[in-house]
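Before any comments, here is the structure.
We did not get these values from a lab; they are worked out from the coordinates using the rules stated. This is a predicted model, so every value here is computed, not measured. Every residue, glycine among them, receives a Cβ derived from its backbone with ideal geometry; neighbour counts consider all protein chains shown.
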Amino acid sequence: MTLMFSTDNQEKMEIATFGNGCFWCTEAVFQQLKGVSKVESGYSGGQTIDPTYKEVCSGTTGHAEVLQITYNPEEISFKELLEVFWSTHDPTTLNRQGNDVGTQYRSAVFYHSEEQKSLSEEYKKRLDESGAFDDPIVTEITAFDKFYPAEDYHKNYYNLNPNQGYCQFVIRPKVEKFKKAFAEKLK
């Protein structure tokens with residue numbers, strides 16, 4: 001299990017790594033959760049060392065756009081993060097989220113511990129069995145290997161560019177829907 005320690009109060013922090021489409025959209029969602037101290041956009045799951053956005057978008061690196069989420073498990077559990085993860089993207093579309101198409105937009109959980117693996121597999125199985133989605137869930141559940149931070153212009157994108165067209169027409173509606181569904185979990 002990946003643990004980090006805060007120098008301020010020595011709280012145990014943990015890491016979750018999710019691929020759920022464009023990181024501009026999903027970063028804006030996870031940043032608002034109580035117990036989440038950091039959300040960083042980047043790349044994981046591929047073979048190229050230190051890939052660039054352009055390389056990842058080419059589909060040749062094997063990487064997915066991901067979020068690396070630092071959270072306090074005493075304030076928000078991994079299961080709660082999974083609930084937000086599964087609820088804020090379409091886990092039934094292979095290598096696609098909306099108009100974003102390519103392996104870099106695949107649905108993925110890159111687990112950091114056997115507990116995260118088990119919880120992810122259990123949640124996926126329950127969702128599939130429940131019929132919550134019309135199609136089978138195609139989310140990959142893979143051991144975390146490496147995380148490469150995205151270029152600076154991708155970081156905190158929605159908050160820094162709220163008037164940009166993509167933010168207004170794609171991200172904002174997603175964030176507003178999220179806020180209604182998870183109001184009790186917001187900062």
**Study point:** Label-point separation, Ala143 to Gln47 (7 Å along Cα→Cβ), nm
**Key:** 1.8 nm
Revision key, fill the gap. Note on the stretch 3-185: contact order normalised by length, alpha-carbon pairs under 8 Å, 6 or more apart, percent, works out to 28 percent
Revision key, fill the gap. Cβ density ranking, 10 Å radius, fewest first, applied to Leu94, Leu160, Leu82 yields Leu160, Leu94, Leu82
Review point. Which ordering of Phe182, Phe18, Phe30, Phe169 is given by a fewest-first count of other beta-carbon atoms within 10 Å?
Key: Phe169, Phe182, Phe30, Phe18
Review point. Under 20 Å from a point 7 Å along the Cα-to-Cβ line of Ser113: which residues of the stretch 13-33 have their amide N that close?
Key: 13-19
Practice item. Determine, from the Cβ-Cβ distance of Asp135 and Ser58 and an R0 of 25 Å, the FRET efficiency 1/(1 + (r/R0)^6), rounded to the nearest 0.05. Key: 0.35
Check your understanding: Given the C-alpha centroids of the stretch 149-170 and the stretch 79-101, what is the distance between them in whole angstrom?
Key -> 19 Å
Study note, to complete from the structure: Heads up, the chain by the C-alpha gyration tensor (a ≥ b ≥ c square roots of eigenvalues; a/c under 1.5 rounded, else a/b over b/c prolate, else oblate) looks rounded
**Study point:** Simple label model, 7 Å out from Cα along Cβ direction - Glu75 to Tyr153, nm
**Key:** 3.2 nm
